[in-house]
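Asker: Handing you a structure now.
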Amino acid sequence: DAGITQSPRHKVTETGTPVTLRCHQTENHRYMYWYRQDPGHGLRLIHYSYGVKDTDKGEVSDGYSVSRSKTEDFLLTLESATSSQTSVYFCAIGLREANVLTFGAGSRLTVL
Amino acid sequence: DQQVKQNSPSLSVQEGRISILNCDYTNSMFDYFLWYKKYPAEGPTFLISISSIKDKNEDGRFTVFLNKSAKHLSLHIVPSQPGDSAVYFCAALRSGSARQLTFGSGTQLTVLP
């Protein structure tokens, strides 16, 4: 999987609790992304990073925050999880080939 | 307002026949297009791409066609194989946008043996 590890792979939590998903890469790529996948919506960009401590919002960033203190790690945090955040979350990195992203295996989050 | 649309949620094709998956976009600033394939419980994997300066790109059994005037692209798979059964996502981006891909909603392809 091109050196991308997502953790946890599965998580069930309750409404109102904080959740952090981790994406770890071994490729030393500058660009990292968080997407969510929902039926009927495909994949939608939540946040992305273009370097250590450099992040920006995507299409569906409300309710999410991110941090990137090291090149290899990109964290996605739900400060107070809601049922609408039940989804499959994918991390991606930008490969050397222009414009191609490589995705991790995904993290399935269920908020009860 | 979806900028990339895949209007067919599903498609069934007989093994050995051609599969044609379609994608439409509305943003004329998009200049690079990609197709991803996704199996259950896995992440999407890159399949093939095309730049807006071309109208066709071929890689083995997979060919992508781009019609800029119609803002339409299609993925042709010939011949289709049962292992091609997966969800196919069309994606688009605009140069200089930090590779922010905009995805369609996907088409589930089923290749029947």
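Just so you know, all these numbers are worked out from the coordinates, no wet-lab data involved. Since the model is a prediction, treat every value here as computed from it, not as a measurement. Quick reminder, even Gly has a Cβ in these numbers, built from the backbone with ideal geometry, and neighbours come from all protein chains shown.
Asker: Based on the Kirkwood radius over alpha-carbon pairs, what is the Stokes-Einstein translational diffusion coefficient of chain A at 4 °C with 1.567 mPa s viscosity, in µm²/s?
Answerer: Reported coefficient: 93 µm²/s.
Asker: Still on this model: Considering all projection directions equally, how large on average is the shadow of the alpha-carbon convex hull of chain B, in square nanometres?
Answerer: 7.0
Asker: Rounded to the nearest 20 debye, what is the charge dipole size of region B:4-113 about its Cα centre when +1 sits on each Lys and Arg Cβ and -1 on each Asp and Glu Cβ?
Answerer: 240
Asker: Give the long-range amide H neighbours of A:Leu43: residues separated by 5 or more places, or on another chain, with amide H under 5 Å away, using H modelled in the peptide plane at 1.01 Å from N.
Answerer: Under 5 Å from the amide H of A:Leu43 lie the amide H atoms of B:Phe103, each far enough along the sequence or on another chain.
Asker: Follow-up. Using 1/(1 + (r/R0)^6) with R0 = 41 angstrom and r between the beta carbons of A:Ser69 and B:Lys5, what's the FRET efficiency to the nearest 0.05?
Answerer: After rounding to 0.05, the efficiency reads 0.60.
Asker: Then there's this: Testing the spin-label approximation: label points 7 Å from Cα along Cα→Cβ at A:Ser80 and B:Ser97. State their distance in nm.
Answerer: Going from the A:Ser80 label point to the B:Ser97 one covers 3.3 nm.
Asker: Taking each residue in A:73-84, count the Cβ atoms of any other chain within 10 Å of its Cβ, then average. What number comes out?
Answerer: For this peptide, the per-residue mean of nearby foreign Cβ atoms is 0.
Asker: Of the options B:Thr26, B:Asn7, B:Leu75, report the single residue whose Cα projects farthest towards the positive end of the charge dipole of chain B (beta-carbon charges: Lys, Arg +1; Asp, Glu -1).
Answerer: B:Thr26
Asker: Taking the Cα-to-Cβ direction at A:Thr26 and at B:Asn27 and moving 7 Å from each Cα, how far apart do the two end points lie in nm?
Answerer: The two pseudo-label positions are separated by 3.4 nm.
Asker: Another question, if that's okay. To the nearest whole number, what is the average tally of beta carbon atoms from other chains within 10 Å of the beta carbons of peptide A:43-49?
Answerer: That works out to 3 on average.
Asker: While we're on this one: List the extent of the Cα atoms of the protein assembly as shown along each of their three principal axes, largest first, rounded to whole Å.
Answerer: 49, 37, 34
Asker: Separate question: Taking the Cα centre of chain A as the origin, how large is its charge dipole in debye, to the nearest 20, when only Lys and Arg (+1) and Asp and Glu (-1) carry charge on their Cβ atoms?
Answerer: Result for chain A is approximately 140 debye, rounded to the nearest 20.
Asker: Please order A:His41, A:His47 by the number of other Cβ within 10 Å, starting at the fewest.
Answerer: Going from sparsest to densest Cβ surroundings: A:His41, A:His47.
Asker: Calculate the dipole size of the protein assembly as shown relative to its Cα centre from +1 charges on Lys and Arg beta carbons and -1 charges on Asp and Glu beta carbons; express the result in debye to the nearest 20.
Answerer: Around 140 debye, computed over the protein assembly as shown.
Asker: Here's another thing I want to ask about it. Which three extents, in whole angstrom, do the alpha-carbon atoms of region A:60-106 cover along their principal axes, largest first?
Answerer: 37, 23, 18
Asker: Check the protein assembly as shown and count each lysine pair with an alpha-carbon distance under 27 angstrom, considering only pairs eight or more places apart or from different chains.
Answerer: 29
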